[in-house]
Amino acid sequence: MLSDSNARLAAARRLTNRRGRREAGRFLAEGAQAVREALKHPELVVELFATSEAFDRQRALLGAARSAGLPLNELSVKAAGALSETVTPQGLVAVCRTFDLPLDQALARSPGLAAMLVEATDPGNAGTIVRTADAAGATLVILAGNSVDPYNGKAVRATAGSLFHVDIVIAGDPVPAVAACGAAGLQVLATTGAGDTDLDALLEDGSLARRTVWLFGNEARGLPDEVIAAAEAGVRVPIYGQAESLNLAAAAAVCLYSSARERRR
């Protein structure tokens, strides 16, 4: 078992903050589901840390890692807690290489459905939207502006492994990113409660069968005006009951699945 002061363990602990992840080009994938999906891309996995309990529970999974020639390190429950950015550590963590792409490279792959998060700050929401985008058949998720780090531990866990299924782009200014998506042939739709276009109208006229990138804004403030202005249309999700609005992740699910259904017809 590694001592709690082991140098490799100390290096892994630095990956629990954004600066450490950026400097190392690595991140932590915690839990059996995330590790299982990571191991489908063994070139991304550097090493694994697990408690004795996790070694007992996940024999097949860790056996696959061992067969792939990946280093396995046993650590204490206390040390496992120090590697976790979540409330309930699972005692199983993979150190992975970051794999986000430049926007132009991702767009060159001609995504049919994509999501862009602009100034989204909640890691749980961001991870849930990555998972939802993957489930809806989207192949690209862009995090633009001052958005949460997609490699944040809580965000990675919320993706339930979908982080490894889609292209990830970390963009700066969202307005040029929107322009690049439009230039690549994507219909750019901005979600906003004040949108001139109703989602139902897009479903009726067949617009959602086109290649599309959906823009989603900050959980409290929504999308900046300049981003909405740069989009092809501002779209509102109809509210049939008395709720004031939908939360970010729910709105993303409605919009992405609306596009997915139209594209599958």
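Some points to look at:
- For Phe99, the requirement of being surrounded by fewer than 22 Cβ atoms within 10 Å (Cβ to Cβ) and among the hydrophobic types (A, V, I, L, M, F, W, C) is met.
- Among the residues of segment 148-173, the one identified as touching a Ser or Thr at 6+ places or on another chain (Cβ under 7 Å) and farther than 20 Å from Val45 by Cα is Val148.
- Cβ-Cβ under 7 Å pairs, at least 6 apart or on other chains, segment 143-165 side free of Cβ contacts under 8 Å to residues at least 40 places away in the same chain and in the same structural domain as Val175 (by TED's automatic domain parsing), far side of a type in the set (S, T, N, Q) and crowded, with 21+ Cβ neighbours inside 10 Å: Ala158/Thr128
- Members of segment 174-219 found to be closer than 30 Å to Gly25 by Cβ, more than 18 Å from the chain's Cα centre (by Cα) and either at pLDDT below 95 or surrounded by 15 or more Cβ atoms within 10 Å (Cβ to Cβ) (or both), listed by number: Val175, Val178, Ala180, Cys181, Ala184, Leu186
- Residue check, Ser67 small (Gly, Ala, Ser), surrounded by fewer than 21 Cβ atoms within 10 Å (Cβ to Cβ), in contact (Cβ under 8 Å) with a residue 12 or more places away in the chain and not assigned by TED's automatic domain parsing to the domain that holds Val156: no
- When restricted to residues that are among the hydrophobic types (A, V, I, L, M, F, W, C), touching a helix residue (DSSP H, G or I) at 6+ places or on another chain (Cβ under 7 Å) and assigned to a loop (DSSP other than H, G, I, E, B), segment 1-22 contains 1.
- Test: residue in segment 98-112 that is of a type in the set (S, T, N, Q), assigned to a loop (DSSP other than H, G, I, E, B) and touching a strand residue (DSSP E or B) at 6+ places or on another chain (Cβ under 9 Å): yes
- Residue check, Val46 of a type in the set (A, V, I, L, M, F, W, C) and over 16 Å from Gln33 (Cα atoms): yes
- Residue check: Tyr151 meets all listed conditions (1) at pLDDT below 95; (2) more than 28 Å from Arg264 (Cβ to Cβ); (3) assigned to a loop (DSSP other than H, G, I, E, B) but one, namely (1).
- Each residue in segment 129-142 was checked for being within 19 Å of Arg109 (Cα to Cα) and either of a type in the set (S, T, N, Q) or outside the structural domain of Ala209 (by TED's automatic domain parsing) (or both), and 1 of them qualify.
- Of all the residues in segment 11-39, those that are within 15 Å of the chain's Cα centre (by Cα) and either assigned by TED's automatic domain parsing to the domain that holds Phe164 or polar (S, T, N, Q) (or both) number 1.
- Within segment 225-265, considering residues that are surrounded by 14 or more Cβ atoms within 10 Å (Cβ to Cβ), assigned to a loop (DSSP other than H, G, I, E, B) and of a type in the set (A, V, I, L, M), the one modelled with the lowest pLDDT: Leu246
- Among (1) closer than 15 Å to Thr212 by Cβ; (2) surrounded by fewer than 16 Cβ atoms within 10 Å (Cβ to Cβ) - the single one Ala115 does not satisfy: (2)
The values are calculated or read from the model by the stated rules, or taken from the named source; none is laboratory data. This one's a predicted model, so the numbers in the text were calculated from it and none came from an experiment. Note: ideal-geometry Cβ built from the backbone for every residue, glycine included; neighbour counts use all protein chains shown.
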